[in-house]
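Derivation of every value follows stated rules applied to the coordinates shown; laboratory data play no part. Every value quoted in this text rests on a predicted model; they were computed, and no experiment measured them. No Cβ is skipped: glycine too gets one built from the backbone with ideal geometry, and neighbour counts run over all protein chains shown.
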Amino acid sequence: MTPRASASWQTILADLSLILFMVTASALSDAPVPPAAHARPAPPQPVHASPRAEPVGVWTDGPGAPPLAEWLAQQGSDPRLRATVLVHHTGDPVTGLDRARDLIAAIGPRGAATRVVVEQGNSSGVTVTLGYDAQAVAR
């Protein structure tokens with residue numbers, strides 16, 4: 001096969017590819033576009049970590065611990081203080097959620113801005129912390 005003969009079939013194939021591209025582009029430019037294609041999807045909202053301040057008070061459920069409502073009354077009523085309820089459970093997560101709901105009810109008015117974490121662990125337990133998470137409360 002001569003170099004000229006091998007180049008001819010490549011040229012023909014390139015010409016046919018270009019023709020196919022132009023015909024396809026022309027057909028797509030005349031096709032009606034559905035209205036949904038014009039709408040841009042909403043940009044995704046950025047995900048931020050929950051701001052956590054160093055705790056200024058820690059309550060742990062256990063023997064000799066005061067009731068949660070009593071302990072909170074002793075901590076002051078600064079609106080920047082945010083409670084974080086941490087419940088560890090060893091079995092059914094619904095039990096942990098029920099326990100967290102009971103604690104939020106005991107927190108009272110501060111419960112609206114409470115951060116709740118329920119996680120499985122090797123032991124069961126409850127901890128409530130107070131921290132100055134002013135930015136999180138202001139949102």
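Between the alpha-carbon centres of region 66-136 and region 8-22 there is a gap of 71 Å. Panel order for D133, D15, D98, by other beta carbons found within 10 Å of each beta carbon, from fewest to most: D15, D98, D133. Rounded to the nearest whole Hz, the Karplus-based 3J(HN,Hα) values (6.51 cos²θ - 1.76 cosθ + 1.60, θ = phi - 60°) of region 85-101 follow the sequence 9, 10, 10, 9, 9, 10, x, 5, x, 4, 4, x, 5, 4, 5, 5, 5, with x at glycine and proline. Here each label is just a point 7 Å from Cα along the line to Cβ, and for A42 and N122 those points are 4.4 nm apart. Neighbours of A53 by Cβ distance under 13 Å: Lys/Arg scored +1, Asp/Glu scored -1, total +1. Here's the picture: a label point sits 7 Å out from the Cα of D102 along the beta-carbon direction, and within region 43-66 the residues with their amide nitrogen under 14 Å of it are 61-63.
Computed over region 55-138, the Cα gyration tensor eigenvalues convert (square root of 5λ each) into semi-axes of 22, 14, 11 Å, ordered from largest to smallest.
Of the residues L18, L86, the one with the fewest other Cβ atoms within 10 Å heads the list, and the complete ranking is L18, L86. Ranked by how many other Cβ atoms sit within 10 Å of their own Cβ, fewest first, the residues H88, H48 fall in the order H48, H88.
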